[in-house]
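This report concerns only the one structure given below.
The values are calculated or read from the model by the stated rules, or taken from the named source; none is laboratory data. All values reported here derive from a predicted model rather than from experimental measurement. All Cβ positions, glycine included, derive from the backbone under ideal geometry; neighbour counts span all protein chains shown.
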């Protein structure tokens, strides 16, 4: 399906699913309470107003999480089981959100049967809806109602490569009326083909060497009022993904090797701020105890402040509970010969500058808790590459290592949960960071956060 049609279809389905989820909640409440009266069972009716707040959670977040799970992508090429797994994962994430609201916001949820019935009904309703849509699309395709007549223009080998790359779903919605070789045929042949076949668009597949001819052909399409689509794969990149944007009304072909701005990325920012605020509230008393312990056991400030490299290398002041002696930075030079990390990063086992309380703080990662203030300020994220001091960033041996600076630094990351003190080569550390950037999703963030908890509790890889 074409991108804009897919986008409109997804938005319509998300709106529909929001109301289907709301209907499933109403039905779950009715089955739980009114069903008992029909069966003459001795249960009192709990008014629906006690469950209205659930609508605020499930209606906006349900469709968003379904989209993040890929529920709306390629329905024709997807098995029922895969759709089922995507819906179940969505229900799990919604359950976590609802549980968080009940625990932290003290919202009422008097009957656990209602959300359980909701999960069952919502899963069935969403799967049935999707199967009905797939059935309708296939019937329309069989009747030829969804097929769009197009022309393919360009160099024969590029046209052939384009056709070979089409998925079955894309082949179903496109009918190639004719192929035009713009290198050998005159532009008039293209114009005549547009008249003869009454096509809805012309798709150009040509190398950069033919851009002059493509420009003339697009001009002919412009005069005819036929949309012209250009396959922009004449610039090959290993990592960066091409996209289109506009700057001051100018069309731009953009190559990104980092996560693009999206609703998922904006949601990540919201989760960061809310998560940091909740963390600071929950850990307020332990933080006071730690602060008092630092004050009583060693001289110097309670909070250690240091300039670190943030997103795109922009400096910011990072906060930590002080776990070393106050003269730690001055003694760093004398310990350089004992550095155990290969690369610009400095780490020493059994560092003599660490205080007795500091060893416990590092083993439990309590020294990192003040960085929640950095997350709340927007300097850091809950999940992302760990921020490095500016003097270590300046010593990067490979410019490709700077790509780890293309996203906000985080409290935890793949390196953190992979036994951070077992990774002794900075290049291996960077590989983990770049793997995170290339694979980023809210689901990956959630997995890292879940794996961070046991890593902190059991002190895995910490010293």
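Only one residue in 373, 396 is within 30 Å of residue 256 (Cα to Cα) and either crowded, with 22+ Cβ neighbours inside 10 Å or touching a strand residue (DSSP E or B) at 6+ places or on another chain (Cβ under 8 Å) (or both), so which one is that?
373
Checking the condition outside the structural domain of residue 77 (by TED's automatic domain parsing), closer than 29 Å to residue 76 by Cβ and surrounded by 15 or more Cβ atoms within 10 Å (Cβ to Cβ), which residue from 152, 166, 190 passes?
152
Being over 30 Å from residue 279 (Cα atoms) and either assigned to a helix (DSSP H, G or I) or in contact with a strand residue (DSSP E or B) (Cβ under 8 Å, 6 or more places away or on another chain) (or both) narrows it down to one of 116, 121, so name that one.
Residue meeting the stated conditions: 121.
Every residue, every condition in (1) more than 35 Å from the chain's Cα centre (by Cα); (2) at pLDDT below 85; (3) on the phi < 0 side of the Ramachandran plot; (4) not in a loop (DSSP other than H, G, I, E, B), yes or no:
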position	(1), (2), (3), (4)
335	yes, yes, yes, yes
351	yes, yes, yes, no
357	yes, no, yes, yes
363	no, no, yes, yes
372	no, no, yes, yes
386	no, no, yes, no
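Looking only at the stretch 332-343, decide whether some residue is in contact (Cβ under 8 Å) with a residue 12 or more places away in the chain and under 21 Å from residue 380 (Cβ atoms).
Looking through the stretch 332-343, none of the residues is in contact (Cβ under 8 Å) with a residue 12 or more places away in the chain and under 21 Å from residue 380 (Cβ atoms).
Among the helices (runs of 4 or more DSSP H) contained in the stretch 1-87, which hold 1 or more residues that are under 20 Å from residue 112 (Cβ atoms) and either in contact with a strand residue (DSSP E or B) (Cβ under 9 Å, 6 or more places away or on another chain) or at pLDDT 85 or above (or both)?
3-29, 53-68
Can you report the number of residues in the stretch 200-221 which are farther than 23 Å from residue 173 by Cα and modelled with pLDDT under 85?
Number satisfying all stated conditions: 5.
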